[in-house]
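Reviewing the structure listed below.
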Amino acid sequence: MAGEKKKKIVKVIKIDTDKCNGCRACEVACAIFHSKPQYSGNNPAKSRIAVLRDPIKDIFVPVYAGEYTASECTGRNKYVIDGREFDECDWCKASCPSRSLFKEPDSGLPLKCDMCESDPPLEEPMCVQWCLSDALTYEEREVEVDEKEEEKKKPGEMELGLESLVDKYGMEKLLDAIARMSRGD
Amino acid sequence: MRYAETGFNLEIDLSRGNIERVATDPRLAELYLGGLGTNAKILWDRVPPDTDPFSPDNLLIFGTGLLCGTPAIGANRTIVSTFSPQTGLMAYSMMGGFWAPELKFAGYDKVIIRGKSPKLVYLWINNDKVEIRDASHLKGKGAQETADLIRHELKESKAQVASIGLAGENKVYFASIEQGRSSASRLGIGAVMGDKGLKAIVVRGTKEVNTARPVEFFEHCSEVLKYIKWRDDHPIKGVPPILSGLGSPQEMAIYDEEWHTTNFTWGNARHRRRDFWTKEVEEKWKKTQQNARVRLLSCYNCPMECGALISAPGVPKYMMKCYSKLTYTMAAMSDLDFGFKIVQRATEYGVDAFTTPQVMAFALELYEAGILTDKDLPGMPADNEGRFYWLLDRIVRREGIGDILANGVYHAARQIGKGAEEYDHNTIKKHEQLPLKLGMLNPIYFLMYSTGEKINITQIEGQFPQAPFATREEREEFVKDWFQVPDDRFKQYFLDWDPRGEHSIPYYPTIEATCEIVDWQEKMHYIDDALGLCAGLSSFPLKPPYHIHNLPGIISSATGIDFDEAKLSQAARRNRTLLRAINVRRGLDRKDDSPPKDHWRNRFPELETKLLDEYYKFKGWNNRGIPTKESLQELGLGYVKEDFLRRGILTENEAAPPGETPAETEKK
Ligand code: SF4
Ligand code: SF4
């Protein structure tokens, strides 16, 4: 597919786990930025970044919420880096049925990092601004992308939520429920 | 809707196994803020003054600060309050880390423990689900080990655990409560937890903490962060490196220990080693520290990295907080690598790193003096390091001599007798102090040591430089951007303060200025302890990001209750007075308000009497250090006044007998 090429800004957060001190300020920043009304509520369980910490084992991994997935992986691999043992899941961004991470605590709906997209745009995502140890740094890179691919719209928060509800209850039940709600019964 | 606080406390009766979630009165925040203030109110209301600290009627309160769980930077303190088995007075020890915010996210402001469990248990708080669980399999386990085992058995890697080790279980009078990289160590609150049969409190919460005016509050937080960054690039000149930045003293980051090792005393707070810090020592210690330190660690929502993960040769990894690095090293007249090693064991046992090394050094002094003999210390090794391990093991098990030493220097000296009392020279109100022996009386420190209700100098000092700067130019430079002062006259006090001559200690700052300076320093601690802010970002360092001018706005936007400087100062004063009242009701008296007896070589009994007299007046206390009827009334503490009148602590026609300072008493 030889589509038109187009310049695009890719937003990159570089995570230096060696510099992380485990403070979870990034979680606070994310949680309040995304709370409604903005900044009104702090709840790290709703943050789209989570710091996996096992201090005694020197494990500090800030992970961003990525795609929602309906089914969990089959295997569970382990990585050993510098003598520290990591679960594969420690690095995984997925909002997945095997764990409570990256789900709204009340509804169970998936959460996903949106790079703090807002109007006007932030200079840097909120988590990066609140991480004073430079464990999180922000870069913008210019890349060329395929225009056609770009046009495919990224799923929004609602689509993601609906997708997970479809997975949980089935399309039919969900449509039924929506129909009932719209009739107001 | 409640802002900043959750509006609920958990009431746990361990005797009956009862758990209750109780709504709190929203007016309390306006009067006492939260944390220490509301803890004190509960202790006043519910624990009669003759209650033994080890009685089931004694309460053990884990209180979060008012701002914990909000996005306020460094608002992570858990304030644990109870009555101390060592002093008999109110104890409040605080810990940073991650526990307090987690409790807020679970939906509670405090956990109030009463009664005693017949067998060892732990408390598991998981949002609305709260259970008392068997902990018999955790008996004798280390504090950190316990936390790991519990997280594992509950399959809750994100749960926060506050636990005691063997010392707490055995009611050692200086047992701590440990929690990850932090601990609440002073005054033996771990012993009260052990007495209640409570091994740990485990918390996990996934609820929201709300603020009343979010955008305004967020702007305050951003300002604080910005200033922290600025201060990081602008360390204070003219003070030792350890005092130049923010945070709890940066012991884990800084290698230069000249100030501590040559100014503070070694052994049983005895020897000053002015020539200790040589190039070789510096090189060696730096290497030791670099090798031991795996990573710097922060508390919840704070960038300061005051703790560290430590891996010392031959011992498991553990987390260390600031000054414990030097306390064992210096008490044992040893080396830094010993310090890093023994703290691992001490942390698992759960003991206070200020008191413990001093108790052991005290025992060794008694041994040298022949007051304790080989009969008392059978099988003790010959080397200092070995002796410290040996004593530590016995103290936490209350074995042999350890059973006596486990009561702390004051009580042990009296139990041992044979002149051992003479070796108890570094306690105030029966509690061990930082090892520091100086020449000339400093009036500011005299009042702080004598009257601090926390009985710990670091929990009252701060903000105001500890010593005058050498030249006027340096002082002028310092005051230029010193906007944290409550009033510009504090700058003048500092500008005029000389190292020598007419304007030097002990007669300068003047008595009046001294009272104001002490009051300001203490006030900021009382505010922090109620809000749950770390003193390392607020009351302790020079030029902190939180101060009397921005705190009212921060509290108002968080809670929706409007505060200005006067109202906030009044709340701090109310809390401070209430604490004094609680202790007065338990027998605290003017004679207890004194510094360690040989803290200064040069004492000035007349001046000291005047200082105390004037300071008491300044505080609204009578000559015996008891809050007056008028000041109690003015602070809205009429209920305290009534109680004092009923008990005859105050009388309707008050004509207080003239006071007497300890220095005077000693002279007689
Ligand atoms: S704010 Fe930075 S240092 Fe703190 S936990 Fe997040 S990534 Fe780590
Ligand atoms: S300043 Fe240090 S001790 Fe205080 S909250 Fe921050 S990391 Fe913890």
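Numbers for the structure displayed
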| item | result |
| --- | --- |
| Per-residue mean of C-beta atoms belonging to partner chains within 10 Å, peptide A:27-38 | 3 |
| Alpha-carbon gyration tensor eigenvalues x 5, square-rooted, for the stretch B:8-204, Å | 22, 20, 16 |
| Nearby lysines by direct alpha-carbon distance to residue A:6 (threshold 29 angstrom, same-chain neighbours under 8 apart not counted) | A:14, A:93, A:112, A:148, A:152, A:153, A:154 |
| Burial order of peptide ranges B:385-396, A:94-105 (average beta-carbon count within 10 Å, highest first) | B:385-396, A:94-105 |
| Cα-based equivalent ellipsoid, the stretch A:5-145: semi-axes from gyration tensor eigenvalues, Å | 24, 19, 18 |
| Qualifying lysines (Cα of each under 26 Å from Cα of residue B:237; at least 8 residues distant if same chain) | B:226, B:229, B:279, B:286, B:321, B:325, B:437, B:480, B:491, B:523, B:543 |
| Mean shadow area of chain B over all directions, Cα convex hull, nm² | 27.8 |
| Inter-chain Cβ neighbour average for residues B:221-228, partner chain, 10 Å | 2 |
| Surface accessible to a 1.4 Å probe, residue A:73 within the full protein complex, Å² | 90 |
| Total formal charge among the other residues, if their Cβ is under 14 angstrom from that of residue B:404, Lys/Arg +1 and Asp/Glu -1 | +2 |
| Relative contact order, percent, chain B [alpha-carbon distance under 8 Å, six or more residues apart] | 15 |
| Anchor residue B:375: lysines whose Cα lies under 19 Å away (excluding residues fewer than 8 positions away in-chain) | B:418 |
| Net charge of Cβ neighbours under 11 Å - reference residue B:263; Lys, Arg +1; Asp, Glu -1 | +2 |
| Shielded residues, the stretch A:104-131 - accessible-area loss of 30 Å² or more between chain alone and all protein chains, probe 1.4 Å | A:130 |
| Probe 1.4 Å, all protein chains present, accessible-area order of B:193, A:181, largest first | A:181, B:193 |
| Among A:165, B:650, B:297 - extreme Cα towards positive end, dipole of the protein assembly as shown, charges at beta-carbon | B:650 |
| Mean projected area (nm²) of the alpha-carbon convex hull when the stretch B:216-431 is viewed from all directions | 14.4 |
| Where chain B is the region considered: accessible area per residue in Å², 1.4 Å probe | 34 |
| Over the protein assembly as shown: helical MRE at 222 nm, DSSP H runs n ≥ 4 each giving -39500 (n - 2.57), nearest 500 | -11000 deg cm²/dmol |
| DSSP-defined antiparallel bridges as percent of all bridges, chain B, nearest 5 | 80 |
| Restraint check, B:116/B:641; A:19/B:341; B:284/B:317; B:141/B:317; B:429/B:597; B:617/B:641, Cα-Cα greater than 23 Å | B:116/B:641; A:19/B:341 |
| For chain A, cysteines whose Cβ has no other cysteine Cβ within reach (under 4.7 Å) | A:20, A:23, A:30, A:73, A:89, A:92, A:96, A:113, A:116, A:131 |
| Neighbour net charge for residue B:108 - beta-carbon separation under 14 angstrom, K R +1, D E -1 | 0 |
| The stretch B:460-511 shape via C-alpha gyration tensor axes, a/c threshold 1.5 | oblate |
| Ratio of Rg to Rh over the protein assembly as shown (Cα coordinates, Kirkwood Rh, two decimals) | 0.98 |
| Residue of A:139, A:159, A:172 that the Gaussian network model of chain A assigns the largest fluctuation, springs spanning Cα pairs under 10 Å | A:172 |
| Accessible area in the full protein assembly, largest first, 1.4 Å probe, for B:158, B:41, B:375 | B:375, B:158, B:41 |
| Note, ³J(HN,Hα) from phi for the stretch B:45-56, Karplus 6.51, -1.76, 1.60, rounded to Hz, x at Gly and Pro | 5, 10, 10, x, x, 8, 6, 5, x, 9, 7, x |
| Measure of compaction for the stretch B:453-601 (Cα Rg per 2.2 N^0.38 Å) | 1.13 |
| Contour excess over end-to-end distance, with Cα ends at residue B:272 and residue B:230 and 0.36 nm allotted per residue | 11.5 nm |
| In Å², nearest 10: area of residue A:114 left accessible to a 1.4 Å probe | 50 |
| The stretch B:317-460 - Kirkwood radius from inverse mean 1/r over Cα pairs (Å) | 15.9 |
| Normalised convex hull volume, the stretch B:131-201, alpha-carbon set, Å³ per residue | 75 |
| Surface share of carbon and sulfur [accessible, 1.4 angstrom probe, percent] for chain B | 50 |
| Per-residue SASA entry for residue B:606, accessible area with 1.4 Å probe, Å² rounded to 10 | 140 |
| Whole-number D in µm²/s for the stretch B:79-171 (Stokes-Einstein; Kirkwood sum over Cα pairs; 20 °C, 1.002 mPa s) | 147 |
| Listed residues A:36, B:341 arranged by accessible area, highest first, probe 1.4 Å | A:36, B:341 |
| Summed buried accessible area for B+A [probe radius 1.4 Å, Å², rounded to 100] | 2900 |
| Share, in percent, of DSSP beta bridges within the stretch B:8-204 that are antiparallel, nearest 5 | 75 |
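The values are calculated or read from the model by the stated rules, or taken from the named source; none is laboratory data. Note that the structure is predicted; figures quoted are calculated from it, not measured. Note that each Cβ is placed from the backbone with ideal geometry, even for glycine, and that neighbours are counted across all protein chains shown. Note: areas computed on protein heavy atoms with side chains; ligands, DNA, RNA excluded. Shrake-Rupley method; radii C 1.70, N 1.55, O 1.52, S 1.80 Å.
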